[in-house]
Amino acid sequence: MLNSVSGYVGNTDFEWYQFLSSHPEFQEINFWQPSGGRGFHAISPGQPFFFRLKSPHNAIAGFGYLSRHEILPAWLAWDTFGMANGAATLHEMIGRIAKYRREPLDPHGNNRIGCLMIVDPVFFPRETWVKEPAGWHQNIVQGQTIDLTRDEGLRLWTECSNGARGGASLVQGGAEEPRYGEPLMVRPRLGQGSFRFAVTDAYKSACAVTMEHSLPVLDAAHIRPYADGGAHKISNGLLLRSDIHRLFDKGYVTVAPDMHFQVSRRLRDDYSNGRSYYGLHGQPIHLPARFEDQPDKLMLDWHNRELFRG
(Lines give C-alpha, C1' and ligand atoms only; values in the text may rest on other atoms or scores of the structure.)
Protein backbone atom coordinates (compact mmCIF):
# COMPACT_ATOMS: atom_id res chain seq x y z
CA MET A 1 0.00 0.00 0.00
CA LEU A 2 1.39 3.40 -0.98
CA ASN A 3 2.10 5.97 1.68
CA SER A 4 0.21 9.17 1.00
CA VAL A 5 2.22 11.74 -0.96
CA SER A 6 0.69 15.10 -1.74
CA GLY A 7 1.27 17.42 -4.64
CA TYR A 8 -0.03 20.88 -5.40
CA VAL A 9 -1.86 22.02 -8.52
CA GLY A 10 -1.22 25.74 -8.94
CA ASN A 11 -3.07 28.06 -11.29
CA THR A 12 -0.94 30.02 -13.74
CA ASP A 13 -1.45 31.88 -16.98
CA PHE A 14 -0.56 31.02 -20.52
CA GLU A 15 2.02 33.83 -20.93
CA TRP A 16 4.10 32.49 -18.02
CA TYR A 17 3.97 28.96 -19.45
CA GLN A 18 4.68 30.08 -23.00
CA PHE A 19 7.73 32.10 -22.01
CA LEU A 20 9.31 29.46 -19.76
CA SER A 21 8.55 26.54 -22.07
CA SER A 22 10.78 28.27 -24.63
CA HIS A 23 13.67 28.32 -22.12
CA PRO A 24 14.40 24.68 -21.21
CA GLU A 25 17.81 25.73 -19.89
CA PHE A 26 16.27 27.05 -16.66
CA GLN A 27 16.73 24.45 -13.91
CA GLU A 28 15.09 26.67 -11.30
CA ILE A 29 12.14 28.99 -11.86
CA ASN A 30 10.00 31.34 -9.80
CA PHE A 31 6.29 30.60 -9.69
CA TRP A 32 5.30 33.99 -8.35
CA GLN A 33 2.04 34.84 -6.65
CA PRO A 34 0.80 38.42 -7.07
CA SER A 35 -0.19 38.75 -3.43
CA GLY A 36 2.64 38.68 -0.92
CA GLY A 37 0.51 38.73 2.19
CA ARG A 38 0.78 35.17 3.44
CA GLY A 39 3.04 32.15 3.52
CA PHE A 40 2.67 28.90 1.58
CA HIS A 41 2.17 25.73 3.59
CA ALA A 42 0.11 23.55 1.24
CA ILE A 43 3.00 21.15 0.54
CA SER A 44 6.54 20.69 1.80
CA PRO A 45 9.82 21.20 -0.07
CA GLY A 46 10.48 18.21 -2.30
CA GLN A 47 6.85 17.55 -3.21
CA PRO A 48 5.56 17.89 -6.80
CA PHE A 49 4.07 21.17 -7.98
CA PHE A 50 1.89 21.07 -11.12
CA PHE A 51 1.29 24.02 -13.46
CA ARG A 52 -2.40 24.34 -14.35
CA LEU A 53 -3.28 26.71 -17.17
CA LYS A 54 -6.41 28.68 -16.44
CA SER A 55 -9.41 29.09 -18.71
CA PRO A 56 -9.79 28.65 -21.63
CA HIS A 57 -7.01 26.01 -21.57
CA ASN A 58 -7.89 24.18 -18.32
CA ALA A 59 -4.99 21.74 -18.56
CA ILE A 60 -1.79 20.72 -16.76
CA ALA A 61 1.12 22.04 -18.79
CA GLY A 62 4.06 20.88 -16.69
CA PHE A 63 5.40 20.34 -13.20
CA GLY A 64 8.47 20.57 -10.98
CA TYR A 65 9.42 20.23 -7.31
CA LEU A 66 8.95 22.85 -4.63
CA SER A 67 12.28 24.02 -3.25
CA ARG A 68 11.44 27.04 -1.11
CA HIS A 69 8.88 29.76 -0.50
CA GLU A 70 9.65 33.39 0.29
CA ILE A 71 7.76 36.68 0.34
CA LEU A 72 9.98 39.19 -1.43
CA PRO A 73 9.92 42.58 -3.13
CA ALA A 74 9.45 42.10 -6.87
CA TRP A 75 12.79 43.78 -7.61
CA LEU A 76 14.62 41.17 -5.53
CA ALA A 77 12.77 38.33 -7.25
CA TRP A 78 13.86 39.80 -10.58
CA ASP A 79 17.42 40.43 -9.40
CA THR A 80 17.67 36.79 -8.33
CA PHE A 81 15.79 34.89 -11.05
CA GLY A 82 15.71 37.28 -14.02
CA MET A 83 13.86 35.74 -16.95
CA ALA A 84 13.25 32.58 -14.91
CA ASN A 85 10.36 34.63 -13.48
CA GLY A 86 8.59 33.96 -16.77
CA ALA A 87 9.03 37.44 -18.24
CA ALA A 88 11.58 39.17 -20.46
CA THR A 89 12.00 42.29 -18.28
CA LEU A 90 11.22 43.56 -14.78
CA HIS A 91 8.80 46.04 -16.36
CA GLU A 92 6.91 43.19 -18.04
CA MET A 93 6.83 41.20 -14.81
CA ILE A 94 5.45 44.18 -12.84
CA GLY A 95 2.79 44.65 -15.51
CA ARG A 96 1.59 41.08 -15.07
CA ILE A 97 1.53 41.43 -11.28
CA ALA A 98 -0.52 44.63 -11.63
CA LYS A 99 -3.02 42.83 -13.87
CA TYR A 100 -3.83 40.38 -11.11
CA ARG A 101 -3.65 42.79 -8.20
CA ARG A 102 -5.69 45.37 -10.09
CA GLU A 103 -3.92 48.26 -8.47
CA PRO A 104 -1.05 50.58 -9.36
CA LEU A 105 2.32 49.12 -8.44
CA ASP A 106 5.61 50.79 -7.68
CA PRO A 107 7.51 50.89 -11.00
CA HIS A 108 10.75 49.99 -9.20
CA GLY A 109 9.30 46.72 -7.93
CA ASN A 110 9.10 47.43 -4.21
CA ASN A 111 5.76 45.64 -3.82
CA ARG A 112 6.08 42.24 -2.15
CA ILE A 113 5.01 39.06 -3.91
CA GLY A 114 4.95 35.38 -3.03
CA CYS A 115 7.79 33.41 -4.60
CA LEU A 116 7.56 29.64 -4.97
CA MET A 117 10.93 28.38 -6.13
CA ILE A 118 10.54 25.32 -8.33
CA VAL A 119 13.47 23.12 -9.36
CA ASP A 120 13.76 20.70 -12.29
CA PRO A 121 10.74 22.12 -14.13
CA VAL A 122 9.28 20.27 -17.12
CA PHE A 123 6.93 21.94 -19.59
CA PHE A 124 4.79 19.86 -21.93
CA PRO A 125 4.11 20.79 -25.57
CA ARG A 126 0.48 21.66 -26.23
CA GLU A 127 -0.29 18.28 -27.82
CA THR A 128 0.71 16.45 -24.61
CA TRP A 129 -0.96 18.67 -22.04
CA VAL A 130 -2.51 16.57 -19.29
CA LYS A 131 -6.18 16.69 -18.37
CA GLU A 132 -6.81 18.66 -15.18
CA PRO A 133 -8.15 16.73 -12.16
CA ALA A 134 -11.77 15.73 -12.57
CA GLY A 135 -14.18 17.95 -10.67
CA TRP A 136 -11.82 20.93 -10.62
CA HIS A 137 -13.79 23.94 -9.45
CA GLN A 138 -13.35 27.06 -11.52
CA ASN A 139 -13.62 29.25 -8.41
CA ILE A 140 -10.29 27.93 -7.08
CA VAL A 141 -8.14 31.05 -7.26
CA GLN A 142 -4.60 29.88 -6.46
CA GLY A 143 -4.63 26.09 -6.41
CA GLN A 144 -5.12 23.07 -4.20
CA THR A 145 -3.35 20.01 -2.83
CA ILE A 146 -4.03 16.55 -4.20
CA ASP A 147 -3.21 13.04 -2.99
CA LEU A 148 -0.95 11.54 -5.65
CA THR A 149 -1.36 7.94 -4.51
CA ARG A 150 -5.00 7.45 -5.43
CA ASP A 151 -7.72 8.25 -7.95
CA GLU A 152 -7.24 11.46 -9.93
CA GLY A 153 -4.03 12.30 -8.13
CA LEU A 154 -2.39 9.03 -9.16
CA ARG A 155 -3.63 9.52 -12.72
CA LEU A 156 -2.16 13.03 -12.76
CA TRP A 157 1.20 11.84 -11.40
CA THR A 158 1.37 8.93 -13.84
CA GLU A 159 0.59 10.97 -16.92
CA CYS A 160 2.90 13.83 -15.97
CA SER A 161 5.83 11.62 -14.99
CA ASN A 162 5.45 9.52 -18.14
CA GLY A 163 5.24 12.65 -20.27
CA ALA A 164 8.31 14.11 -18.60
CA ARG A 165 10.29 11.01 -19.53
CA GLY A 166 9.15 11.10 -23.13
CA GLY A 167 6.48 8.41 -22.95
CA ALA A 168 5.11 7.82 -26.43
CA SER A 169 1.54 7.70 -25.18
CA LEU A 170 0.07 9.04 -21.98
CA VAL A 171 -2.02 6.82 -19.73
CA GLN A 172 -5.66 6.93 -20.78
CA GLY A 173 -8.63 5.63 -18.85
CA GLY A 174 -6.54 3.42 -16.59
CA ALA A 175 -5.73 1.06 -19.50
CA GLU A 176 -2.04 1.16 -18.80
CA GLU A 177 -0.20 0.58 -15.53
CA PRO A 178 2.08 3.38 -14.25
CA ARG A 179 5.49 2.90 -15.86
CA TYR A 180 7.68 5.07 -13.68
CA GLY A 181 6.93 4.02 -10.13
CA GLU A 182 4.94 5.42 -7.26
CA PRO A 183 5.00 9.12 -6.40
CA LEU A 184 7.78 10.05 -4.00
CA MET A 185 9.05 13.14 -2.30
CA VAL A 186 12.51 14.14 -3.48
CA ARG A 187 15.19 15.84 -1.48
CA PRO A 188 15.05 19.25 -3.16
CA ARG A 189 18.37 20.59 -4.28
CA LEU A 190 18.98 24.30 -3.93
CA GLY A 191 19.37 26.25 -7.13
CA GLN A 192 21.21 29.55 -7.24
CA GLY A 193 18.11 31.51 -6.28
CA SER A 194 17.04 29.17 -3.48
CA PHE A 195 20.63 29.18 -2.20
CA ARG A 196 20.60 32.96 -1.98
CA PHE A 197 17.44 33.08 0.09
CA ALA A 198 18.32 30.08 2.24
CA VAL A 199 21.63 31.71 3.21
CA THR A 200 19.95 35.08 3.76
CA ASP A 201 17.40 33.45 6.04
CA ALA A 202 20.04 31.45 7.95
CA TYR A 203 21.98 34.64 8.71
CA LYS A 204 18.82 36.59 9.60
CA SER A 205 19.44 39.05 6.76
CA ALA A 206 22.66 40.36 8.32
CA CYS A 207 26.21 40.33 6.99
CA ALA A 208 28.23 37.68 8.85
CA VAL A 209 31.12 40.14 9.28
CA THR A 210 29.59 43.61 9.71
CA MET A 211 25.94 42.85 10.68
CA GLU A 212 24.84 45.16 7.85
CA HIS A 213 21.08 44.66 7.30
CA SER A 214 20.50 46.63 4.07
CA LEU A 215 19.17 43.89 1.79
CA PRO A 216 20.23 45.45 -1.55
CA VAL A 217 23.92 45.23 -0.58
CA LEU A 218 23.90 41.68 0.85
CA ASP A 219 25.13 38.72 -1.19
CA ALA A 220 25.07 34.98 -0.59
CA ALA A 221 28.72 34.08 -1.20
CA HIS A 222 29.90 30.56 -1.97
CA ILE A 223 32.88 29.58 0.16
CA ARG A 224 34.01 27.16 -2.52
CA PRO A 225 32.69 28.50 -5.83
CA TYR A 226 30.00 26.47 -7.58
CA ALA A 227 32.06 26.49 -10.77
CA ASP A 228 34.95 24.98 -8.84
CA GLY A 229 33.04 22.10 -7.30
CA GLY A 230 31.25 23.86 -4.48
CA ALA A 231 27.59 23.07 -3.81
CA HIS A 232 24.53 25.26 -3.41
CA LYS A 233 24.41 24.35 0.30
CA ILE A 234 23.89 26.72 3.20
CA SER A 235 27.04 25.34 4.87
CA ASN A 236 28.98 26.36 1.74
CA GLY A 237 27.68 29.89 2.03
CA LEU A 238 28.25 33.14 3.87
CA LEU A 239 26.04 36.21 3.82
CA LEU A 240 28.38 39.10 3.10
CA ARG A 241 28.14 42.77 2.29
CA SER A 242 28.78 43.11 -1.44
CA ASP A 243 32.21 44.75 -1.11
CA ILE A 244 33.39 42.08 1.34
CA HIS A 245 31.98 39.41 -0.97
CA ARG A 246 34.08 40.83 -3.81
CA LEU A 247 37.22 40.77 -1.67
CA PHE A 248 36.38 37.25 -0.49
CA ASP A 249 36.10 35.96 -4.06
CA LYS A 250 39.39 37.68 -4.96
CA GLY A 251 41.19 36.17 -1.96
CA TYR A 252 41.91 39.40 -0.09
CA VAL A 253 39.78 38.32 2.89
CA THR A 254 38.71 34.96 4.28
CA VAL A 255 37.10 33.26 7.25
CA ALA A 256 39.43 30.90 9.07
CA PRO A 257 38.14 27.47 10.18
CA ASP A 258 37.97 28.87 13.73
CA MET A 259 35.29 31.30 12.40
CA HIS A 260 37.40 34.45 12.64
CA PHE A 261 37.59 37.01 9.83
CA GLN A 262 41.02 37.48 8.24
CA VAL A 263 42.30 40.27 5.99
CA SER A 264 45.35 39.71 3.80
CA ARG A 265 48.32 42.07 4.01
CA ARG A 266 48.24 41.98 0.22
CA LEU A 267 45.26 44.31 0.25
CA ARG A 268 47.49 47.04 1.68
CA ASP A 269 50.45 46.07 -0.51
CA ASP A 270 48.45 45.98 -3.75
CA TYR A 271 46.25 49.04 -3.21
CA SER A 272 47.95 51.10 -0.49
CA ASN A 273 44.71 51.17 1.47
CA GLY A 274 42.16 48.92 3.12
CA ARG A 275 41.85 50.76 6.43
CA SER A 276 38.10 50.09 6.70
CA TYR A 277 38.75 46.34 6.44
CA TYR A 278 41.78 45.92 8.69
CA GLY A 279 39.66 47.05 11.63
CA LEU A 280 37.60 43.90 11.14
CA HIS A 281 40.63 41.58 11.11
CA GLY A 282 40.53 38.86 13.77
CA GLN A 283 36.96 39.34 14.89
CA PRO A 284 34.59 36.34 15.10
CA ILE A 285 31.87 36.18 12.48
CA HIS A 286 28.18 35.99 13.32
CA LEU A 287 26.92 32.43 12.82
CA PRO A 288 23.54 30.91 11.95
CA ALA A 289 21.64 29.52 14.91
CA ARG A 290 21.41 26.00 13.47
CA PHE A 291 24.69 24.12 13.64
CA GLU A 292 24.09 22.41 10.27
CA ASP A 293 23.78 25.83 8.59
CA GLN A 294 27.11 27.10 9.92
CA PRO A 295 30.10 27.27 7.56
CA ASP A 296 31.67 23.93 6.72
CA LYS A 297 35.20 23.94 8.17
CA LEU A 298 36.48 21.84 5.26
CA MET A 299 35.17 24.45 2.80
CA LEU A 300 36.75 27.25 4.85
CA ASP A 301 40.03 25.35 4.88
CA TRP A 302 39.81 25.02 1.08
CA HIS A 303 39.27 28.79 0.71
CA ASN A 304 42.21 29.54 3.01
CA ARG A 305 44.53 27.20 1.08
CA GLU A 306 43.38 27.82 -2.49
CA LEU A 307 42.15 31.41 -2.68
CA PHE A 308 43.32 33.46 0.29
CA ARG A 309 46.42 35.54 -0.49
CA GLY A 310 47.78 35.26 3.05
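Would you check which residues across the stretch 115-158 are surrounded by 15 or more Cβ atoms within 10 Å (Cβ to Cβ), over 20 Å from residue 31 (Cβ atoms) and not aliphatic (A, V, I, L, M) and list them? Hits for the stretch 115-158 are 128, 131, 147, 149, 152, 155, 158. The residues of the stretch 129-148 that are touching a strand residue (DSSP E or B) at 6+ places or on another chain (Cβ under 9 Å) and farther than 13 Å from residue 9 by Cβ amount to a single one, 129.
Residue count for the stretch 80-91 under the criterion of being crowded, with 16+ Cβ neighbours inside 10 Å and assigned to a helix (DSSP H, G or I): the result is 7.
If you go through the stretch 1-26 and keep only what is polar (S, T, N, Q) and surrounded by fewer than 14 Cβ atoms within 10 Å (Cβ to Cβ), you end up with 3, 4, 22. Considering the conditions (1) closer than 15 Å to residue 306 by Cβ; (2) surrounded by 22 or more Cβ atoms within 10 Å (Cβ to Cβ), residue 209 is excluded by exactly one of them, (1). Highlighted here are the strands (runs of 3 or more DSSP E) found entirely within the stretch 207-310 that include at least 1 residues which are polar (S, T, N, Q) and modelled with pLDDT of 95 or more: 253-255, 261-263.
The values are calculated or read from the model by the stated rules, or taken from the named source; none is laboratory data. The shown structure was predicted, so the numbers you read here are calculated from the model rather than taken from an experiment. Neighbour counts run over all protein chains shown; Cβ positions are idealised from the backbone, glycine included.
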